[in-house]
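The values are calculated or read from the model by the stated rules, or taken from the named source; none is laboratory data. Treat the numbers as computed from the prediction; the structure is a model and nothing was measured. Ideal geometry is used to build each Cβ from the backbone, glycine not excepted, and the neighbour counts take in all protein chains shown.
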Amino acid sequence: MAVAICLPITYGMHPVAGMSLLMGLYIGGVSGGLIPAILLKLPGTPSSIATTFDGYPMAQKGQAGKAFSFAIVSSFLGGLISIMLLIMIAPPLGQFALKFGPYEYFAIVIFSLTLIATLSGDSLAKGILAGLMGIGFAMVGSAPIDAFPRFTFGFSELDAGFDLMPLLIGLFAESEILLVAEKRGLQKIKYDLKKISYKVPFKEYLSEKWNFLRSCVIGI
């Protein structure tokens, strides 16, 4: 939304400055989703869903500052490496992507389901079921090849499919709001903002270097 609003401003700017502005808005919007993901367990963006797995438990233990530090550094490193690789390999990558056919896309879908099942931990069946449900929701709308309506049941509002943001709000935000409302009054939580420290020793960052590298490879 911010990119769309600021797009007319870039018409009178130098192309480099305009692209820098739009990139900053996009990266800031995507990375900003980690704030509610850590504090409230509500992913602000789809990429912040994984942040809720570790960030929110750390915030409950009083380590919100540390979670913010690691998340911001990880976001910076991932964005920097991705931009550098995109500049270097964008042309050959585009030519390679044009060679993708039905078999390759099917293999990517199977790999995605396998990754979902791996991240689900002990509840393997739940992870696979969640992946299949996601595929079912994604099939609603117009087909990308022939624009044939799929599972719209005559509702024109479903021709464009389900928007991802309302789904995220329904799956994460509503459930978390109900849980907080259920526990309201049962416990009192005191916050002391002065005790929240965002300083993390550099050695602790180095101890997670392989985790940073692995995450960058997965993101790419």
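Here residue 62 passes the criteria (1) loosely packed, with under 15 Cβ neighbours inside 10 Å; (2) part of a helix (DSSP H, G or I); (3) modelled with pLDDT under 85 except the one numbered (2). Residue count for the stretch 109-153 satisfying the condition of being surrounded by fewer than 10 Cβ atoms within 10 Å (Cβ to Cβ) and either under 22 Å from residue 168 (Cβ atoms) or not hydrophobic (A, V, I, L, M, F, W, C) (or both): 3. Screening the candidates 38, 27, 108, 81 for the property of being more than 26 Å from residue 167 (Cβ to Cβ) and assigned to a helix (DSSP H, G or I) yields one hit, 81.
Scanning the stretch 154-175 for residues that are charged (D, E, K, R), more than 26 Å from residue 119 (Cα to Cα) and exposed (fewer than 12 other Cβ atoms within 10 Å of the Cβ) gives a single hit, 157.
For residue 72, indicate whether it is surrounded by fewer than 16 Cβ atoms within 10 Å (Cβ to Cβ), in contact (Cβ under 8 Å) with a residue 24 or more places away in the chain, in a helix (DSSP H, G or I) and within 14 Å of the chain's Cα centre (by Cα). Spelling it out, residue 72 is indeed surrounded by fewer than 16 Cβ atoms within 10 Å (Cβ to Cβ), in contact (Cβ under 8 Å) with a residue 24 or more places away in the chain, in a helix (DSSP H, G or I) and within 14 Å of the chain's Cα centre (by Cα). The numbered conditions (1) more than 30 Å from residue 170 (Cβ to Cβ); (2) free of Cβ contacts under 8 Å to residues at least 12 places away in the same chain; (3) surrounded by fewer than 16 Cβ atoms within 10 Å (Cβ to Cβ) are all true for residue 18 except (3).
Considering the stretch 84-105, and only residues there that are of a type outside the set (Phe, Trp, Tyr) and outside any helix (DSSP H, G or I), the residue that is farthest from residue 203 (Cα to Cα) turns out to be 101.
Taking every residue in the stretch 105-126 that is closer than 19 Å to residue 49 by Cα and free of Cβ contacts under 8 Å to residues at least 24 places away in the same chain and pairing it with any residue that is hydroxyl-bearing (Ser, Thr, Tyr) and in a helix (DSSP H, G or I), at least 6 positions away or on another chain, the pairs with Cβ-Cβ distances below 9 Å are 124/118.
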